[in-house]
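Structure provided below as structure tokens; questions to follow.
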Amino acid sequence: MTENTADPRALIEQIAKWIVDAPDQVFVEHFDDDVIELEVAEDEVGKVIGRQGRTVRALRTLLNAAGARARKRYQLEVID
């Protein structure tokens, strides 16, 4: 595993870039209160959310697993 996976922002950014068709339009911001905002192109939001929210739920699960090691609880918000 690489060093980038230790950073939750980089982890979400890399996975989101794999999911969408326009990886250059993926923006991730990490705020002080452990909120991570994911912004993708307007027509790519459905791909990130997935059917019945399964994809975004999986992203949140990965984020919680990454945060468990640092003993932090992160929140993922997808910006429309």
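The values are calculated or read from the model by the stated rules, or taken from the named source; none is laboratory data. Keep in mind it's a predicted model, so treat the numbers as computed, not measured. Every residue, glycine as well, gets a Cβ built from its backbone with ideal geometry; the counts of neighbours run over all protein chains shown.
For the stretch 67-80, enumerate the residues that are surrounded by 13 or more Cβ atoms within 10 Å (Cβ to Cβ) and assigned to a loop (DSSP other than H, G, I, E, B).
74
Now a separate question. Can residue 16 be described as at pLDDT below 90, crowded, with 16+ Cβ neighbours inside 10 Å and either small (Gly, Ala, Ser) or in a helix (DSSP H, G or I) (or both)?
No.
Sticking with this structure for a sec: Considering only the stretch 38-66, state which residues are more than 13 Å from residue 28 (Cβ to Cβ) and not in a helix (DSSP H, G or I).
41, 50
Please work out which residue is farthest from residue 34 (Cα to Cα), limiting yourself to the stretch 54-70 and to residues that are among the charged types (D, E, K, R) and modelled with pLDDT of 90 or more.
This residue is 54.
Search the stretch 11-40 for residues that are in contact (Cβ under 8 Å) with a residue 40 or more places away in the chain and closer than 17 Å to residue 55 by Cα and pair each with any residue that is β-branched (Val, Ile, Thr) and part of a helix (DSSP H, G or I) when their beta-carbon atoms are under 7 Å apart and the residues are at least 6 apart or on different chains.
Final answer for the pair search is 11/5; 16/48; 36/12; 38/12; 38/48.
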